[in-house]
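J.: Below you'll find the structure I mean.
The values are calculated or read from the model by the stated rules, or taken from the named source; none is laboratory data. Since the model is a prediction, treat every value here as computed from it, not as a measurement. When we count neighbours, we look across all protein chains shown, and the Cβ atoms used for this are built from the backbone with ideal geometry, even at glycine.
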Amino acid sequence: MRLLPTALAGARLVHPAPTLAVTTLSGAMGAILLLQAGQEVGERWLLTVGAVLGSQVFTGAVNDLVDRSRDQAAGRVGKPLAGGDLSPEAATWIASAGLALQLAASLRLGTLALSLGAAATLSALAYNLWLSRTPLSVLPYLVSFGLLPLWIAAGVGVPLERVLPAVPLVAPFAAAAHLANVTRDFAADAATGSRSLAQVLGPRASVWVAYAAALAVGAGVGTALVIGERPGPPAIGLGLLGMAAVAQGAGNANRLWYGILAAAVCWTAAWALSTG
C-alpha cells in the first residue's frame with residue numbers, strides 16, 4: 001500500500017518540473033539537429049535523452065539529500081526527505097540509479113559525449129555540495145547548461161559547431177532561471193545561512209537581474225529567428241509568445257520562474273520551425 005506514496009515522493013525528490021523541462025527540450029534539440037542533417041531519430045537520440053534524464057535525476061536527488069537538514073530546519077515539509085515521505089536510503093538509491101543510467105547510456109555514445117556529460121554533471125554536483133550556498137552559485141548553471149547543447153550534439157553525432165551559437169543564449173538563460181528559482185525561497189534560505197548570489201543581491205535585485213537576462217536572451221533568439229533560413233509567422237509568433245511569458249514575470253520570482261520554463265519551450269519550437 002506504501003508503493004504509490006513512495007513512488008510519488010520519489011518523483012518529487014528529483015525536482016520534476018526542471019527535470020521534465022530539461023530532458024524534453026534536450027530531446028527536442030537532438031531531434032531537430034538530426035532532422036536538419038537528414039538523419040533518422042534513432043538509438044543515439046534515445047541514449048542521449050536517457051543520459052540527460054539520468055543526470056537530472058542524480059542531480060535532483062543529491063540536491064535534496066545534501067539539503068535535508070536545512071530543509072527540515074526551514075520547515076520545508078513539502079520536500080519528501082524533510083517531510084519524512086522518503087528515507088535517505090531510498091533517495092540514495094534513486095540518485096545512484098540516475099547516475100547509472102547516465103553512465104550506461106553515455107558509454108554507448110563515445111568519449112566526447114561521455115566527457116561532456118560528465119563535466120556537466122560534475123558542475124551540478126559542485127553546486128549541490130558547495131557552490132549553492134556561496135556567491136558563486138550561478139557558476140554551475142553557466143557551465144552545465146553552457147555544455148548542454150554541445151553534449152546533445154556529441155550524443156546524437158552531429159558536429160559541435162552546429163550548436164555553438166546556442167551556447168551564449170542557453171548559459172545566461174539558465175542563470176536567469178537559477179536566480180528566479182532561488183529567490184522564490186529567499187526567506188527560508190536566508191534563515192539557514194545561505195550566501196548564494198541571490199542572497200548577496202537581495203530578492204528584488206535578483207528578480208530584476210534574472211528578468212533582464214531572460215529578456216536579453218529573448219532578444220538574441222528574436223534576432224536569430226529574423227536572420228534564419230525560414231523564420232515565417234509561426235516561428236516569429238512563438239518567439240514573441242516566449243517574450244510575453246518572460247515579460248509577465250516582471251518583479252515576481254514565482255511567475256518569472258514559470259515564464260522562463262514556458263519561454264524555453266516556445267523558443268525551442270520557434271527554432272525548429274525557422275530552421276526547417
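J.: Return yes when L122 is free of Cβ contacts under 8 Å to residues at least 24 places away in the same chain and within 19 Å of the chain's Cα centre (by Cα) and no when it is not.
T.: Criteria met by L122.
J.: Go through the residues of region 39-51 one by one and say whether even a single one is at pLDDT below 95, under 25 Å from Y141 (Cα atoms), over 23 Å from the mean Cα position of the chain (by Cα) and not in a helix (DSSP H, G or I).
T.: no
J.: Further, regarding this structure: Out of region 179-236, which residues are at pLDDT 85 or above, surrounded by 16 or more Cβ atoms within 10 Å (Cβ to Cβ) and not in a helix (DSSP H, G or I)?
T.: Within region 179-236, R184, D185, T192, S194, S196 qualify.
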